Amino acid sequence: MQKRSDFYFRYPPNIHELDLATMVNLFRTRGEPKKASAGQYIACAKSGVLLREAKSWFGLHYSQKTWDNLLTKGSEGFPLTDVELNILGLVYVSEDEPPHREYVEKQSGVTEKLAYLIVNDLRSFGFFDEDESGFLRITPRGEKALHGISRRIYEKRFLPEMLNTYTHTDDPKIEQAQKEDLDQTTLF
């Protein structure tokens, strides 16, 4: 399914190159206000406006207004990306048989270390319930967040086609007619 908007938070494409300590530090400090040093300014990554104070996101900075606009409906202040959409969606589509945490982390679309941090945050924020065996179930709060981020990116409520692991299995197969082998000489 084609994305209709690029106005949402994103993890850096080379985040897998970071060591675990740096990744954890960047992950834990996302959204914290950062003040520019005396005589310096910080530019908003989306608007380009110079600021004295901004919120940080993995080395990027956003004005408070832009940050608030990037937050999606139902996220309750939690910055969601397409990775969170994928994680929440994997759990949402397997309501009959809840997926194990390891499976979700491996299918998340990012490194397992980052996926572990994301799943922990989603769980602590109340978007998931995790039983003692590690199986995940989405909560009503998580469903609202999932539909909010999918509306932002795809302008629709969540559909399984939005998952990065989705494979379309209902493709019609076209049979080719078999050519009869006749002992006929070719004219060409």
Round to the nearest 10 and report in Å² the accessible area of Val110, as given by a 1.4 Å probe over the protein chains' heavy atoms.
30
In whole percent, how big is the carbon plus sulfur part of the accessible area of the chain, probe 1.4 Å, protein atoms only?
49
Please compute the net charge surrounding Ser108, taking Lys and Arg as +1 and Asp and Glu as -1 over other residues with Cβ under 13 Å from its Cβ.
-3
Output for region 12-69: trypsin sites (Lys or Arg not before Pro) sitting in coil per DSSP, at most 13 other Cβ within 10 Å, listed by number, reads Arg52
What accessible area per residue comes out for the chain, rounded to a whole number of Å², with a 1.4 Å probe?
63
Dipole-positive endmost among Gln40, Trp67, Asn120 within the chain (Cβ charges, Cα centre)
Gln40
DSSP-assigned coil residues among GluC sites (Glu not before Pro) in region 73-106, each with at most 15 further Cβ atoms within 10 Å:
Glu76, Glu95
Tell me the label-point distance for the pair Phe7, Ala45, using the 7 Å Cα-to-Cβ offset, in nm and rounded to one decimal.
1.7
Among Leu26, Asn14, Ser56, whose Cα sits farthest toward the positive end of the charge dipole of region 9-67 (+1 at Cβ of Lys/Arg, -1 at Cβ of Asp/Glu, about the Cα centre)?
Ser56
Explain nothing, just compute: Karplus ³J(HN,Hα) = 6.51 cos²θ - 1.76 cosθ + 1.60, θ = phi - 60°, for every residue of region 2-10 in order, whole Hz, x for Gly and Pro.
7, 6, 9, 9, 10, 8, 7, 5, 9
For a test of the definition: using alpha carbon positions, the gyration tensor, and the 1.5 limit on a/c, classify the chain as rounded, prolate or oblate.
prolate
For region 31-121, run through the chymotrypsin sites (Phe, Trp or Tyr not before Pro) and keep only the ones in DSSP coil with at most 16 other Cβ atoms within 10 Å of their Cβ.
Tyr41, Phe58
Over 22 Å between C-alpha atoms is what I'm after, so list which of Lys35/Lys113; Lys34/Lys65; Lys55/Lys144; Lys46/Lys106; Lys3/Lys156; Lys35/Lys73 land there.
Lys35/Lys113; Lys55/Lys144; Lys46/Lys106; Lys35/Lys73
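The values are calculated or read from the model by the stated rules, or taken from the named source; none is laboratory data. What you see is a predicted model, and the numbers here were worked out from it, not measured in a lab. Glycine gets a Cβ as well: all are built from the backbone with ideal geometry, and neighbour counts include every protein chain shown. The accessibility values were calculated without ligands, DNA or RNA, using every heavy atom of the protein model including side chains. Shrake-Rupley method; radii C 1.70, N 1.55, O 1.52, S 1.80 Å.
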